[in-house]
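Have a look at the structure that comes next, please.
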Amino acid sequence: MEIMDAAAPTHVAHRDNHTHRDVNGGWLRPAVFGAMDGLVSNVALMTGAAGGALSQQAIIITGLAGLAAGAFSMAAGEYTSVASQRELVQAELDIERAELRKHPKDELEELAALYTSRGVEPALARQVAEQLSRDPDQALEIHAREELGIDPSDLPSPAVAAVSSFGSFALGALMPLLPYLMGASAIWPAVLFALVGLFACGAVVARVTARSWWFSGLRQLALGGAAAGVTYVLGALFGTVVG
């Protein structure tokens, strides 16, 4: 009785802690890329304009245009990409569904052979394959996971990807614009806001992916700072040539 009581908390702890993050929901990747792209691309665009000695109003218009164009472009691209991915998966599922209907015995043998190759005894592997194949929907799900490496019930959503990408890009692109919208006349507050945002985004991503927050934050800070510096120099050079 004492052994059972001592073992129970371990089982409960394992059950409570043995959970996983959503790695296939279709929102994390576009949200992360959207925020990073919005910050880096818009601060780079604005620093390039500032390097070309454009007016405050021109820099604001440049930033707003970059925000709008980038957000819509990211959303459209993500929607098309994820929708195409879903269509490809659905096509493969249709093929597998047809095979299960036309050649059920062959598919059953294929599943049994797969379990046998993983160390299950042949007789038991066939018994398991027979039980799993009784329900057509369950059989399709099992074959999709084993042969295609996908979960038909957990496919990414094009709409979720598009909305996540649009919102995160717009939020990231707004960061370097805020100082100008609040009356700043120099580029350095916008760069400062963008760099702080880049570090914060990197740190937040690290929280989601269980990476080191300071390393992830500094990495994004360095990449964004390099992009802003390069475009400022290019803007200054082009402004001098054009001028």
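Quick one: what pairs do we get from region 65-83, first residue assigned to a helix (DSSP H, G or I), second open to solvent by 60 Å² or more (accessible area, probe 1.4 Å), C-beta under 6 Å, 6+ apart or different chains?
Filtered contacts from region 65-83: GLY66/LEU45; ALA71/PHE166; ALA75/PHE166.
Oh, and also: If you check LEU88 against the conditions, is it at pLDDT below 90, in a helix (DSSP H, G or I) and open to solvent by 40 Å² or more (accessible area, probe 1.4 Å)?
Criteria not met by LEU88.
Follow-up. Run ALA139 past the list (1) buried (at least 19 other Cβ atoms within 10 Å of the Cβ); (2) at pLDDT 90 or above; (3) aliphatic (A, V, I, L, M); (4) more than 29 Å from the chain's Cα centre (by Cα) and report the number of the one that doesn't hold.
Every condition holds for ALA139 apart from (2).
Here is a list: ALA173, ALA200. Which entry is of a type in the set (A, V, I, L, M) and free of Cβ contacts under 8 Å to residues at least 60 places away in the same chain?
Exactly one residue qualifies, and that residue is ALA200.
Filtering region 163-172 down to residues that are within 18 Å of SER41 (Cβ to Cβ) and aliphatic (A, V, I, L, M), which residue is surrounded by the most Cβ atoms within 10 Å (Cβ to Cβ)?
Checked region 163-172; the qualifying residue surrounded by the most Cβ atoms within 10 Å (Cβ to Cβ) is ALA170.
Hey, which of the helices (runs of 4 or more DSSP H) in region 146-243, taking only ones fully inside, have at least 2 residues that are under 30 Å from ARG86 (Cβ atoms) and at pLDDT 90 or above?
158-181
Small (Gly, Ala, Ser), modelled with pLDDT of 90 or more and surrounded by 13 or more Cβ atoms within 10 Å (Cβ to Cβ): is that true of SER55 in this structure? Steps first, answer last, please.
Details: small (Gly, Ala, Ser): yes; modelled with pLDDT of 90 or more: yes; surrounded by 13 or more Cβ atoms within 10 Å (Cβ to Cβ): no.
So SER55 fails the test.
The values are calculated or read from the model by the stated rules, or taken from the named source; none is laboratory data. These numbers were taken from a predicted model, which means no experiment stands behind them. Because the Cβ atoms are built from the backbone with ideal geometry, glycine has one as well, and the counts that use them run over all protein chains shown. Note: accessible area is taken over every heavy atom of the protein model, side chains too, but ligands, DNA and RNA are not part of it. Shrake-Rupley method; radii C 1.70, N 1.55, O 1.52, S 1.80 Å.
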